[in-house]
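One structure is given below, encoded as structure tokens.
The values are calculated or read from the model by the stated rules, or taken from the named source; none is laboratory data. Small disclaimer: the values here were computed from a predicted structure and weren't measured. Here Cβ is always computed from backbone atoms with ideal geometry, including for glycine, and neighbour counts include all displayed protein chains.
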Amino acid sequence: MDTNTVKHIATLVRLGISEEEAQKFSGQFTSIIDYFNMLNEVDTDNITPASDIANSQNILREDVVQPSMSRAEFLKNAPQSERGYVKVPTVLGEE
Amino acid sequence: MQLHNLTIQEAHKLLTSKQISSVELTQAMLQRIHDVDPKIKSYVTVTDDLALEQARQADERIAKGENVTPLTGIPFSMKDCISTRDVRTTCSSKILENYVPQYNATVTNKLADSGAVLVGKTNMDEFGMGSSCENSAFFNTHNPWNLDHVPGGSSGGAAASMSASLSTFSIGEDTGGSVRMPAGFCNVTGIKPTYGRVSRYGLISLVSSFDCIGPMTRDVYDCATVLEAIAGHDEHDSTTFNSPVPQYNQNLNKPVKGMTIGIPKEYFVSGMEVGVESSIQEAIRTYEKLGMTVREVSLPNTKYALPVYYLLLFAEASSNLARFDGTRFGLSVSKDAKDVIDIYLQTRHEGFGDEVKRRIMLGAYALSAGYYDAYYLKAQKVRTLLRRDFETALASVDILLAPTCPTTAFKLGEKTNDPLEMYLSDIYVVATNPAGVPALALPCGFSKDMPVGMQLIGKHLDEQTLFQVGHAYQQVTDWHKQLPPI
């Protein structure tokens with residue numbers, strides 16, 4: 001996997017990455033993915049992909065409003081907040 | 001009598017017969033932690049004040065004879081990925097270094113209700129990503145049997161805290177061997193329960209379809225005691241089973257004579273350390289002497305377990321760790337941030353270690369358009385085959401027996417430069433998690449002065465048989481009683 005692909009993936013997962021890191025990961029990813037390619041040996045025609053573990057029945061309950069964490073309590077961990085909201089910089093670009 | 005070396009069962013007898021108090025037991029444990037843990041470094045946080053308060057409450061319960069459970073007044077440690085209200089919960093990551101949860105995990109609540117005493121939170125590979133505890137963002141944990149060696153991972157701090165007698169029991173978490181592999185490296189008993197047996201609510205997710213919280217203890221009796229206390233249905237986790245939790249210890253002494261052990265032939269291939277193989281063979285002979293039948297079985301897709309496990313782990317972890325974005329909790333790096341995307345990029349760059357970055361990126365790659373069918377979907381299909389392997393093998397035998405690792409604990413730094421080499425140390429423990437089946441790890445000998453672990457693998461929800469067979473072994477061997485020279 002080349003460094004441009006590594007950088008592209010880093011952007012997709014919102015991970016800042018340096019040139020040096022991209023080069024290091026590029027070599028490591030190539031050997032890991034080569035190893036994964038051994039799965040191509042397995043015949044999986046007509047095999048259903050696993051989608052659950054064991055407990056596959058639906059569990060239903062009444063949708064009842066219950067008390068949850070208070071806003072003040074929740075905001076204790078927010079890096080920045082204002083007037084009861086989590087504060088972040090511009091999301092939608094300049095006005 | 002050394003208070004820190006007691007089993008839960010022994011401590012419970014002394015507590016309820018008023019020969020010791022929980023405060024005495026807890027103080028002794030905290031003292032030992034402060035004396036010995038600077039060498040081992042198994043704890044990220046020690047909760048002295050909380051522990052002494054919980055111990056006082058436990059002593060009151062015992063004095064009144066009300067609500068006394070087998071865990072009342074017993075000191076324990078917990079892996080730092082399980083949420084504890086008002087106690088820092090870090091996942092050994094810089095991104096959560098100062099994170100203090102506002103709520104308890106269900107397991108934390110159950111243990112608090114039982115009267116157990118939390119003495120601290122244990123070190124781990126960052127977010128559970130690793131096999132040696134060397135991926136902790138804070139410090140390495142040392143194997144109490146030899147300080148130059150790793151304790152295993154990712155629950156390395158939990159295993160080391162048990163091995164060095166720094167807690168009476170410990171709560172670990174097993175996504176792909178993270179309880180069993182370090183248990184084997186540190187001479188500890190530990191179980192990865194059936195997926196869905198123990199609630200994951202409040203566990204900081206690594207792989208939601210693999211993650212299993214499980215106890216680490218001095219012996220099988222204690223392991224059964226703790227699992228019974230933490231297992232059960234939880235309305236906050238829809239993957240938990242509704243079926244009642246058995247009283248495991250009631251049937252522990254049932255004879256194993258006539259039962260059948262399956263030995264998966266694919267697990268006994270070249271590359272296994274000689275002393276590991278001979279310890280496992282000796283354990284098999286011990287079971288034969290106990291009247292069990294031993295039969296070779298096949299898990300034909302074993303060689304694909306590791307790629308399946310890691311591909312699915314990368315994919316699920318990539319998605320689960322998207323929540324760490326520097327806006328609602330945890331580290332936030334916003335130096336000259338022009339927009340919210342800058343906060344994401346900077347926070348995640350500074351907050352995550354290399355292994356976490358690798359896995360998030362490889363997961364996104366495996367899930368991306370053009371590669372989804374070749375990697376993620378292919379792995380889910382082979383996962384179906386892995387599950388069938390276990391179903392087929394376990395249809396003809398009562399349990400499977402295998403090593404927990406091809407080697408004993410390796411040296412610190414030995415595998416840190418080669419991620420793939422590190423992944424390969426999980427080869428015997430990963431297959432059970434994609435399949436969901438339970439597995440019990442227990443000490444079975446030594447190779448070059450380092451502990452060897454074996455695992456018993458059972459049918460879905462049949463922890464009872466694992467405990468019964470494991471207990472039978474510990475009645476005729478004393479490997480689990482060996483303590484490191486520390």
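Details
- Condition check for residue B:80: buried (at least 24 other Cβ atoms within 10 Å of the Cβ) and either over 19 Å from the mean Cα position of the chain (by Cα) or within 28 Å of residue B:419 (Cβ to Cβ) (or both): yes
- Top-ranked residue of the stretch B:362-395 - restricted to ones that are under 17 Å from residue A:40 (Cβ atoms) and of a type in the set (D, E, K, R), ranked as nearest to the chain's Cα centre (by Cα): B:383
- Residue identified as closer than 17 Å to residue B:204 by Cα, free of Cβ contacts under 8 Å to residues at least 60 places away in the same chain and surrounded by fewer than 19 Cβ atoms within 10 Å (Cβ to Cβ) among B:322, B:369: B:322
- Residues that are assigned to a loop (DSSP other than H, G, I, E, B), modelled with pLDDT of 95 or more and over 26 Å from the mean Cα position of the chain (by Cα) within the stretch B:42-66 comprise just one, B:65.
- Here the condition is being within 9 Å of chain A (Cβ to nearest Cβ) and assigned to a helix (DSSP H, G or I); of B:359, B:387, it holds for B:387 alone.
- Considering the stretch B:326-353, and only residues there that are in contact (Cβ under 8 Å) with a residue 24 or more places away in the chain and more than 7 Å from every other protein chain (Cβ to nearest Cβ), the residue that is nearest to residue A:78 (Cα to Cα) turns out to be B:330.
- Residues being facing chain B (nearest Cβ under 9 Å) and of a type in the set (Gly, Ala, Ser) - total across the stretch A:4-62: 7
- Residue A:8 meets the conditions (1) surrounded by 18 or more Cβ atoms within 10 Å (Cβ to Cβ); (2) closer than 29 Å to residue B:381 by Cα; (3) within 20 Å of the chain's Cα centre (by Cα) in every case but one. The failed one is (1).
- Condition check for residue A:26: among the hydroxyl-bearing types (Ser, Thr, Tyr) and either at pLDDT below 90 or surrounded by 15 or more Cβ atoms within 10 Å (Cβ to Cβ) (or both): yes
- Residue, farthest from residue B:458 (Cα to Cα), within the stretch B:269-295, restricted to residues that are without any contact (Cβ under 8 Å) to a residue 12 or more places away in the chain and outside any helix (DSSP H, G or I): B:270
- Pair list, Cβ < 8 Å and 6+ apart or interchain, from the stretch B:188-216 residues that are in a loop (DSSP other than H, G, I, E, B) to residues that are of a type in the set (Lys, Arg): B:188/B:218; B:208/B:200; B:211/B:200
- When the stretch B:400-420 is limited to residues that are of a type in the set (D, E, K, R) and in a loop (DSSP other than H, G, I, E, B), the one that is surrounded by the most Cβ atoms within 10 Å (Cβ to Cβ) turns out to be B:415.
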